[in-house]
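Remarks on the structure that follows.
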């Protein structure tokens, strides 16, 4: 496997009752062509076999267990423990193509004026195996992945914006990205698939009415903050 020189990437994977998929997510991380990796799995109060699955990876994956506090707090816990020069997130039910980190880190290393690097995402049926996805990527349209799993940034940059807000049940990354933009941080979207997003019954809650209401509240709070600060 090609070794890529650099300061290393901390990969934070928050998970709650993700035993079914977290192993495939980890496999896609360890299949990256970029090294070194600092992989941190934050088990957010799981009561299934999540811990047992993660422990099979031994010291390659640092496991942090916490009482159920939600995905924002789980990500923040991982960021606090991160040691790499760069930072990336991956949801426990999603996957990365092998060249994802190398491509995005290269942009950050070549362009110091760029703060956040995103790419494209493709959704896939949750019944499809990870091996099949990597061998034969979905033909669905690729769209900009302006989500946590589609971003790579410098660890210091993320910490400079501040932690993800635990006020929101969903949409915490929308809020964080809005704050980053308000601070004048620059972002770039590479025209390369960097994220495979799994669709399955357990994550369809992101699309329910309550989630839509929460997203609306996040956006409203962002607009109100920008008006107060004279940015809108």
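What follows is calculated from the coordinates using simple rules that are stated; it is not laboratory data. Remember, predicted model here, so these are calculated numbers, not experimental data. FYI the Cβ positions are ideal-geometry reconstructions off the backbone, even for glycines, and counts take in every protein chain you see.
Results, tabulated for the structure shown:
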| item | result |
| --- | --- |
| Viscosity 0.692 mPa s, temperature 37 °C, Stokes-Einstein D of segment 9-200 from Kirkwood C-alpha radius, µm²/s | 198 µm²/s |
| Neighbour-count ranking [beta-carbon atoms within 10 angstrom, fewest first] of 93, 44 | 93, 44 |
| Neighbour-count ranking [beta-carbon atoms within 10 angstrom, fewest first] of 109, 24 | 109, 24 |
| Principal axis dimensions, largest first and in whole angstrom, of segment 1-97 by Cα | 38, 24, 21 |
| Mean-position separation - Cα centroids, segment 108-165 and segment 35-58, in angstrom | 20 Å |
| Extension gain (nm, one decimal) between residue 200 and residue 20, 0.36 nm per residue minus Cα-Cα | 63.7 nm |
| Prolate/oblate/rounded label for segment 11-64 (Cα gyration tensor, a/c 1.5) | prolate |
| FRET efficiency for residue 132 and residue 167, using Cβ-Cβ distance with R0 set to 41 Å, rounded to 0.05 | 0.60 |
| 187, 10 arranged by Cβ crowding within 10 Å, fewest neighbours leading | 187, 10 |
